[in-house]
Amino acid sequence: MWLIVGEVYWNFEKIFWNNYIKIDSLKQIKWFSTEEFNSIIWIVSRGAHFRYDKYFLKKLPKLKYLCLFQIWLDNVDLVYCKKRWIIVKNFVSEKSIDAVAQLTIASLILWLRYGFSLGCNLKNWIYKRQPLGYSLENLKIWIVGFWRIWKKVYEYLKLFSVDIGVYDIMIEKIKKIFKSNSVKWFDSLDKIFKRADVITLHIPWGKENNNLIWYDLLKNIKWLINMSRACIVNEEDIEKVLKENDKFFYISDVICGEPNVWDINKELVLENNVFVYPHIGANTIQVQNDIFNKFVNWFKKENIEI
């Protein structure tokens, strides 16, 4: 028996299995019978926010394989999986780096040119010339987080007339590896937030990064783009800054409480100067096809029996 969690392509189901249960949230498991739990050997998951902890995994006594598609391993209790001899495979596409970087740049450009009035005009079915927007020219766009994505963001930004700055906790080591005359290097978050027009965040998840971006930093900038993980930015402080500064804008691919719509901060989502994507940064046809091919190749190479 297969348990399919989240947005898994239909062709996975068509090619590999007939005997499966498909759910959109792990909360739906309360509907399962004991017999169904006892028969699950495979989990294939595309849900980036589901936690595979020991309390959940204990309910699946025959589970042998946990296959994750574009999900980082911090979602899994690896110690418990090792104890239970559960094989954990994470299929990640390098194409996702480019996809998230493209979303970052697209968000920035559309945001600067049209703000958030475009959506309102379309809803009212009124053809209206947009107000004056900004170009990227001479903007100070600082990137926070030396992660693979920021390097791709940097490559795109080089095509425009912008000042580019970078901060990371390992900045001195990075400067020796990544040599460029077109980058301003910063050794503290405080400095980079005080001097930027736009900040883009590309920080990996970790408990130490929760609420890393808070009021004292946010009050100094005009625009913030968060392509990291939920709760790295303190959402209460975002609301506070929005009330104090009507020129501040926040755009994010993540939000605390996702994917459960009842748990997210609805007041923040409904703010005029806020736009939140439903975590779609790496969700492109190219990325999903690449993951599919990696999964198929692994399946064939290991000669696994279903």
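Throughout, read-outs are computed from the coordinates displayed, never taken from laboratory work. For clarity, every value in this text was computed on a predicted model and none was experimentally measured. Don't worry about glycine lacking a Cβ; one is built from the backbone with ideal geometry, like all the others, and counts go over all protein chains shown.
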(request) Treat every Asp and Glu Cβ in the chain as -1 and every Lys and Arg Cβ as +1, leave all other atoms uncharged, and give the resulting dipole magnitude about the Cα centre to the nearest 20 debye. (result) 680
(message) Please give me, ordered by residue number, the GluC sites (Glu not before Pro) of the stretch 216-306 that lie in loop per DSSP and have at most 11 other Cβ atoms within 10 Å.
(response) GLU305
(message) Can you tell me the orientation of helix 285-302 relative to the chain, as the angle in degrees between its alpha-carbon axis and the longest Cα principal axis, to the nearest 10?
(response) 30
(request) Just subtract the alpha-carbon distance of TRP185 and GLN28 from 0.36 nm times their residue separation and send over the number in nm, one decimal. (result) 51.8 nm
(request) Would you please give the FRET efficiency between ASN138 and GLU258, computed as 1/(1 + (r/R0)^6) with r the Cβ-Cβ distance and R0 = 35 Å, to the nearest 0.05? (result) 0.50
(request) Give me MET1, MET227, MET170 ranked fewest to most by other Cβ atoms within 10 Å of their Cβ, as a rough exposure proxy. (result) MET170, MET1, MET227
(message) Under 22 Å between alpha carbons, and skipping anything fewer than 8 positions from LYS59 in its own chain: which lysines qualify?
(response) LYS22, LYS27, LYS30, LYS82, LYS83, LYS89
(request) Give the angle, between 0 and 90 degrees and rounded to the nearest 10, that separates the Cα long axis of helix 148-157 from the longest principal axis of the Cα atoms of the chain. (result) 40
(message) Exposed loop sites here are trypsin sites (Lys or Arg not before Pro) in DSSP loop states with at most 16 other C-beta atoms within 10 Å. What is the longest stretch of the chain lacking them?
(response) 65-127
